[in-house]
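One structure below.
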Amino acid sequence: MKNKAIRKESRKRKKKNKMANKEIKGLSDQELVDRIAEEKATLNKMVLNHAISPVEDPSKIRLNRRNIARMITEANKRKQASK
């Protein structure tokens with residue numbers, strides 16, 4: 001029983017920080033490009049800060065990197081669909 005509660009809590013934490021695919025698909029092409037640039041800048045700052053002094057929660061770097069990958073994937077899908 002205890003393991004189930006731990007897993008459930010872990011899932012809740014993951015969902016809280018993850019950018020939903022619905023949210024990404026709801027963005028216009030220009031908004032998506034702007035958001036990618038914004039997230040990349042944020043990631044660069046986080047990585048630089050982490051190199052100087054450890055970040056409080058290093059998993060945020062990974063989540064940010066994955067969100068960027070999701071957005072780039074969606075942008076590439078849209079490019080392929082327009083061809």
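Below is a table of values for the structure above.
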quantity	calculated
Complete set of residues in the stretch 38-83 that are closer than 21 Å to Met19 by Cα and either polar (S, T, N, Q) or touching a strand residue (DSSP E or B) at 6+ places or on another chain (Cβ under 6 Å) (or both)	Thr42, Asn44, Ser59, Asn64, Asn67, Thr73, Asn76
Any hit, the stretch 54-70, residues being outside any helix (DSSP H, G or I), hydroxyl-bearing (Ser, Thr, Tyr) and modelled with pLDDT under 95	no
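The values are calculated or read from the model by the stated rules, or taken from the named source; none is laboratory data. If you're wondering where the values come from, they're calculated on a predicted model, not measured in any experiment. Cβ atoms come from the backbone with ideal geometry, glycine included; neighbour counts cover every protein chain shown.
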